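Chemist: One structure follows; several queries about it will come next.
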Amino acid sequence: MNYLAHLHLGGQRPGQLLGSLYGDFVKGRLQGQFTPEIEAAIQLHRSIDMFTDRHPLVDAALSRFSLTRRRYAGIVLDVFFDHCLARDWALYADRPLALFTSDVYRVLAAEPSLPGRLAQIAPHMAAHDWLGSYREFEVLEQVLRGIARRLSRPEELAAAMGELERLYQPLSEDFRVFYPQLQAFAAQHMRPR
């Protein structure tokens with residue numbers, strides 16, 4: 001799952017939203033450097049990633065990609081699943097996407113010390129509405145180009161959009177079946193114990 005899904009699944013309080021994003025930017029053991037709410041959201045982010053990586057529906061979706069793209073198919077699928085979530089937001093959320101994303105951007109802007117690279121990208125994320133723009137399939141090409149710049153072998157992502165166009169319907173169906181299971185998993189992990 002990519003940013004939008006983690007934010008959607010991780011809870012709506014400011015600390016939960018922050019931790020849902022921090023999960024991609026904070027590595028290693030959590031040792032009290034953040035509030036308990038943020039650390040719980042980071043842990044949930046990591047659990048969501050593990051659940052996703054081990055799920056047979058995700059394995060089946062990944063197997064749809066050509067062997068030449070298999071190395072980065074997980075990245076491409078995460079981005080595509082965020083597209084599916086944004087596109088079909090009303091099926092999975094009770095508030096409009098624009099309200100949700102504006103809340104996220106407001107929380108990010110109010111946080112004085114975002115970790116690492118998140119501090120650099122948060123202003124761009126808000127200014128260009130990265131989260132809401134996932135609704136548009138064409139935006140995925142820009143997203144994948146941005147990711148490719150950080151990879152050691154970016155050429156393997158070069159034709160990913162063509163493959164996503166070819167696989168659009170089956171991958172959309174994979175998302176439709178998988179995401180409610182992921183929602184249930186996240187909700188279960190957020191329940192007080």
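None of the figures in this text is laboratory data; all of them are computed from the coordinates on show. For clarity, every value in this text was computed on a predicted model and none was experimentally measured. Cβ atoms come from the backbone with ideal geometry, glycine included; neighbour counts cover every protein chain shown.
Chemist: At what distance in angstrom do the alpha carbon centres of segment 131-171 and segment 76-127 lie from each other?
Modeler: About 18 Å separates the Cα centre of segment 131-171 from the one of segment 76-127.
Chemist: Continuing with this model, one more query. How far apart, in nm, are two points set 7 Å out from the Cα along the Cα-to-Cβ line at THR68 and at GLN183?
Modeler: So the two model labels end up 3.8 nm from each other.
Chemist: Give, in nm to one decimal, the length gained when the segment between ALA90 and PHE25 is fully stretched (0.36 nm per residue of separation minus the Cα-Cα distance).
Modeler: Length difference between fully extended and current span is 20.6 nm.
Chemist: Note the full-extension length gain between GLU173 and ASP103 as 0.36 nm times their separation in residues minus their Cα-Cα distance, in nm to one decimal.
Modeler: Stretched out fully, the GLU173 to ASP103 stretch lengthens by 22.3 nm.
Chemist: Also, I was wondering about something else. Full-extension gain between ASP59 and GLU165, please, as 0.36 nm times their residue separation minus the C-alpha to C-alpha distance.
Modeler: My answer for the length gained is 36.2 nm.
Chemist: Also, quick follow-up: Compute the distance in nm between two label points, each set 7 Å from the Cα along the Cα-to-Cβ direction, one at ARG191 and one at GLN142.
Modeler: 4.1 nm
Chemist: Let's see if you can work this out: charge +1 on each Lys and Arg Cβ, -1 on each Asp and Glu Cβ, no other charges. What is the dipole magnitude of segment 3-190 about its Cα centre, in debye to the nearest 20?
Modeler: 440 debye
Chemist: Pick out the long, greasy-scoring helices in the chain: whole DSSP H runs spanning 24 Å or more along their own axis by Cα, mean Kyte-Doolittle at least -1.0.
Modeler: Helix filter hits for the chain: 36-53, 160-190.
Chemist: Please report, to two decimal places, log10 I(q)/I(0) for the chain at q = 0.10, 0.11, 0.18 Å⁻¹ as given by the Debye formula with identical point scatterers on the Cα atoms and no solvent.
Modeler: -0.39, -0.48, -1.37
Chemist: Rank by packing, highest mean first: peptides 121-133, 56-68, with packing defined as the count of other Cβ atoms within 10 Å averaged across residues.
Modeler: 121-133, 56-68
Chemist: Would you work out which of PRO96, PHE34, ALA159 lies farthest towards the positive end of the dipole of the chain, given +1 charges on the beta-carbon of Lys and Arg and -1 on that of Asp and Glu, about the Cα centre?
Modeler: Of the options given, the answer is PHE34.
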